[in-house]
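Written below as structure tokens is the structure these notes are about.
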Amino acid sequence: MSFASDCKEELCKIENKRSCCLKAECYGLLLFSKCFSPRETRMICENAAVAHRLAEAAAVSADVYAEVRAQQRRKNTGAFSIAIPGEDARLRMLASFGHTDRAVSLHIHEENLKRDCCVASFLRGVFLVCGTITDPNKEYHLEFSTPHFHLAQELAALLQRVPAAQLSPAVAKRKSGYMVYLKESGAIEDFLTLIGAVNAAMALMQIKMYKEAYNNMNRVSNCETANLDKTYSAASRQIAAIALINDKVGLDALPDDLREAAVLRLHNPEMSLREMSGRLSISRSGVNHRLRRILEFAETLGSPEKEAAAQRTEKNGNA
Ligand SMILES: [Zn+2]
């Protein structure tokens, strides 16, 4: 089961306690379905619970029979085709929500959602029939799709003025129509809570918390890796210098304290300053000071890079 279908299953279990809310949800379900038309059209719905809720909405709110047929689709995924047979029945359904004209262009008739309680129920119906949500483990995205421009615009406006939530919806044109979407995790969480998908909202919140904790952990470990890289690059410069001194004049040319540090570094390239200070029984700044003097000593003999370049030229010359 996907996150979206779990969420819809949860919503389909909600019982509308007030008749005004029941009607509002039915309106959302029907208006944003492909069946809300004077012409006979069939719509495909993948979710069994939603298909039956849609049929129930037609029966309860407009006393209209909706035909639901099970279909077998590719990859054995089931789906349902829904239609409202009979032009009289379809016109009756439209009229019961105040849509008396036969215009193809649809609008949200706000008389059907006069109270705040009804807005939430209406939005639940809309989400059930034309909405979807991406698994929050992948990304935060909740969208509605409709072929009708005005419905998309008016839905976005309605979402915008939902009380006690900053949903900030956006509208985009698509090949098959229009998409109204929410991108911000907090807005998606608020929307799910508003329409009654409390478990889905909690699941999203948990995933978000887990993601944040994981990112923080990664940031810390990246930081540690960066420090490790720093240690390595400093150590590799020191080792190059020590090797140069050894080649040119021998490590015995170094004063005892520097030779001690040089030998320790040579055999322990990954050792941190703190560990070296423990081994040499001197402070960290003392170790740092010795290593710097080793580098300076090597510089008086010529830089290791120059040395390597000189050797390359020599080889090429010989060849
Ligand atoms: Zn209500």
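The values are calculated or read from the model by the stated rules, or taken from the named source; none is laboratory data. Since the model is a prediction, treat every value here as computed from it, not as a measurement. Cβ sites come from the backbone with ideal geometry, for glycine too, and all protein chains shown count toward neighbours. Accessible surface areas use protein heavy atoms only, side chains included; no ligands, DNA or RNA. Shrake-Rupley method; radii C 1.70, N 1.55, O 1.52, S 1.80 Å.
At-a-glance table
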quantity	calculated
Convex hull of Cα atoms in segment 108-266, direction-averaged projection (nm²)	15.9
Accessible carbon and sulfur surface of segment 223-310 relative to its total accessible area, %, 1.4 Å	52
Most positive-pole-ward Cα, P147, A164, P136, against dipole of the chain from beta carbon charges	P147
Under 18 Å from K248, Cα to Cα: lysines that are on another chain or at least 8 residues apart	K306
Segment 65-172 shape via C-alpha gyration tensor axes, a/c threshold 1.5	oblate
Reachable aspartates and glutamates from K8, criterion Cα separation under 18 angstrom, eight or more residues apart if same chain	E25, E46, E56, D135, E143, E189, D190
Dipole-positive endmost among I207, G28, A197 within the chain (Cβ charges, Cα centre)	G28
Distant alpha-carbon pairs in segment 210-291 (separation over 15 angstrom), percent	62
Tensor-based shape of segment 115-181 (alpha-carbon gyration tensor, a/c under 1.5 rounded, otherwise prolate or oblate)	oblate
Debye, to nearest 20: dipole size of segment 223-310, +1 on Lys, Arg Cβ, -1 on Asp, Glu Cβ	200
Ranking by accessible area, most exposed first, for H148, H289, H141 with a 1.4 Å probe	H289, H148, H141
Translational diffusion of segment 160-201, µm² s⁻¹ [Kirkwood Rh, Cα pairs; Stokes-Einstein; 10 °C; 1.306 mPa s]	142
Max mean-square fluctuation residue, GNM over the chain, Cα-Cα springs under 10 Å, options L155, L251, L142	L251
Intensity falloff of the chain expressed as log10 I(q)/I(0), Debye formula with alpha-carbon point scatterers, at q = 0.09, 0.12 Å⁻¹	-0.58, -0.81
Residue-averaged [θ]222 nm for the chain, counting only DSSP H segments that reach four residues, each worth -39500 (n - 2.57)	-19500 deg cm²/dmol
Cα-centre dipole for the chain with unit charges at Cβ (Lys and Arg positive, Asp and Glu negative), debye to 20	460
Most mobile listed residue (A253, A165, A156) in the chain, GNM with C-alpha springs under 10 Å	A253
For segment 3-196: accessible area per residue (Å², 1.4 Å)	49
Cross-link pairs beyond the 24 Å C-alpha cut-off, checked among K114/K208; K138/K230; K183/K208; K34/K208; K13/K183	K114/K208; K138/K230; K34/K208; K13/K183
Distance between segment 277-294 and segment 149-182 - C-alpha centres, whole angstrom	65
